[in-house]
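The values are calculated or read from the model by the stated rules, or taken from the named source; none is laboratory data. Because the structure is a prediction, the values reported are computed rather than measured. Glycine gets a Cβ as well: all are built from the backbone with ideal geometry, and neighbour counts include every protein chain shown. Side chains are part of the model used for accessible areas, which takes the heavy atoms of the whole protein and leaves out ligands, DNA and RNA. Shrake-Rupley method; radii C 1.70, N 1.55, O 1.52, S 1.80 Å.
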Amino acid sequence: MRYLISLAKPNAVKVLDAKHPESIEQSVAALRAEKLVAIPTETVYGLAAIATSTSAINKIFTVKGRPTNHPLILHIASPPDINHWSVDLSEVAKILTTQYWPGPLTVIVKRSSKVCDEITGGRETVAIRCPEHEVAQQLLYRLGTAVVAPSANRFGKVSPTCAEHVVNDLGDDIEIVLDGGQCSIGIESTIIDCTTQPPQLLRAGAITAEQIERECGFVVADAIGESRASGMLKKHYAPNCQIELVETFAIAIERQIFHTQNGLKSDIFDLTSDLDEYARSLFARLRQADQKDVKVVIAVKPPEIGLGIAINERLGKASNTAD
Ligand code: TXA
Ligand code: MG
């Protein structure tokens with residue numbers, strides 16, 4: 001009998017089509033029962049736990065293999081909900097959330113007493129985001145409270161941008177994957193620390209510091225060293241294949257010839273003419289390269305403007321050459 005039990009598959013994940021209304025209901029019920037549900041957002045898929053249960057939140061760290069001092073982002077249904085989870089909102093936080101929420105922006109603000117220590121890793125600040133994805137919105141409205149949701153991948157690996165990626169990574173360990181199709185942005189939200197003067201960019205994303213300066217009229221400083229978000233650690237976004245960054249397609253071809261001569265299978269990424277598509281497909285392409293047993297990905301760097309900044313940051317982390 002014990003033998004049979006040990007052979008049994010731990011847990012077959014349910015993949016629910018988000019287009020069916022009952023999928024949202026089932027996901028909400030699972031979250032209320034303190035289970036983990038992977039949800040689509042416009043950036044990447046998140047691994048959601050109800051924000052009011054420490055036991056549900058702790059499951060996230062176990063499943064992801066993530067150190068418990070790495071804080072999580074609270075996801076809220078509607079912008080005013082920020083007032084439940086934070087206190088002493090700065091002018092900068094008010095302006096940013098009015099301008100960009102719902103959307104791919106996370107703000108770091110002072111936490112309220114409603115935020116448990118497990119979410120912040122004991123910090124006095126908390127990260128909050130109001131996602132724009134319709135399915136995430138519906139789920140949060142029906143749930144009636146916030147979820148915490150890191151990217152739904154194992155710690156240090158490439159973020160998932162479709163339901164299949166989540167199933168491949170975490171399928172045995174979670175209850176439900178709510179399938180809302182491919183993420184429209186494809187890289188994680190911009191993170192701005194609003195508790196510092198000037199505010200600091202902790203992670204580049206689709207909303208850029210330059211855009212914020214232009215549209216909101218204040219400067220966002222580049223964070224350095226310790227204050228950078230943990231997702232910016234070396235080795236984050238690491239696929240198995242090696243990544244080589246090059247400036248032009250011509251150099252990429254030269255490098256590919258070199259690798260072929262040395263018996264190494266390589267793949268060229270060059271979507272510099274369409275940065276939206278570069279961002280949207282980057283993590284999927286890195287996963288495909290691993291599946292095809294590609295040894296070296298030769299990525300042509302996009303220009304260091306707009307979305308190119310965030311793409312370069314992720315490529316740098318994946319290649320482990322960024323500082
Ligand atoms: O687009 C996104 O933000 C996705 C989707 C699912 O919403 N989520 C995401 O979560 O990327 P995660 O856990 O993979 O990354 C959260 C980042 C981490 O680097 C963490 O260190 C940082 O946010 N963070 C969270 N709370 C923080 C805080 N209080 N101070 C500084 N950084 C914080
Ligand atoms: Mg992550």
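Brief remarks on what is shown
- Qualifying residues in the range 25-66 (those that are closer than 19 Å to residue 188 by Cα and of a type in the set (A, V, I, L, M)) - the one nearest to ligand 1 (Cβ to nearest atom): 44
- Subset of the range 189-206 (residues that are part of a loop (DSSP other than H, G, I, E, B), closer than 19 Å to residue 317 by Cβ and open to solvent by less than 20 Å² (accessible area, probe 1.4 Å)): 189, 204, 205
- Within the range 241-253, the set of residues being of a type in the set (Asp, Glu) and loosely packed, with under 13 Cβ neighbours inside 10 Å comprises 247 only.
- Taken over the range 51-78, the criterion of being surrounded by 20 or more Cβ atoms within 10 Å (Cβ to Cβ) and part of a loop (DSSP other than H, G, I, E, B) is satisfied by 51, 71, 72, 76, 77.
- Counting residues in the range 34-50 that are part of a loop (DSSP other than H, G, I, E, B) and of a type in the set (Gly, Ala, Ser) gives zero.
- Of all the residues in the range 78-107, those that are hydrophobic (A, V, I, L, M, F, W, C), under 19 Å from residue 39 (Cα atoms) and touching a Pro at 6+ places or on another chain (Cβ under 9 Å) number 1.
- Taken over the range 151-183, the criterion of being in a loop (DSSP other than H, G, I, E, B), over 14 Å from the mean Cα position of the chain (by Cα) and not acidic (Asp, Glu) is satisfied by 171, 174, 180, 181.
- Lone qualifier among 264, 275, 315 - being farther than 23 Å from residue 162 by Cα and touching a helix residue (DSSP H, G or I) at 6+ places or on another chain (Cβ under 9 Å): 264
- Condition check for residue 81: open to solvent by 40 Å² or more (accessible area, probe 1.4 Å), more than 12 Å from ligand 1 (Cβ to nearest atom), in a helix (DSSP H, G or I) and among the acidic types (Asp, Glu): yes
- Residue list for the range 132-150, restricted to those being open to solvent by less than 60 Å² (accessible area, probe 1.4 Å), assigned to a loop (DSSP other than H, G, I, E, B) and either touching a Gly at 6+ places or on another chain (Cβ under 8 Å) or at pLDDT below 95 (or both): 133, 149, 150
- Set 123, 129: member being open to solvent by 10 Å² or more (accessible area, probe 1.4 Å) and among the basic types (Lys, Arg): 123
- Flag if residue 186 is part of a loop (DSSP other than H, G, I, E, B), surrounded by fewer than 22 Cβ atoms within 10 Å (Cβ to Cβ) and at positive phi: no
- When the range 18-45 is filtered for residues that are touching a Leu at 6+ places or on another chain (Cβ under 6 Å) and under 21 Å from residue 103 (Cα atoms), the ones remaining, listed by number, are 18, 24, 37, 38, 39.
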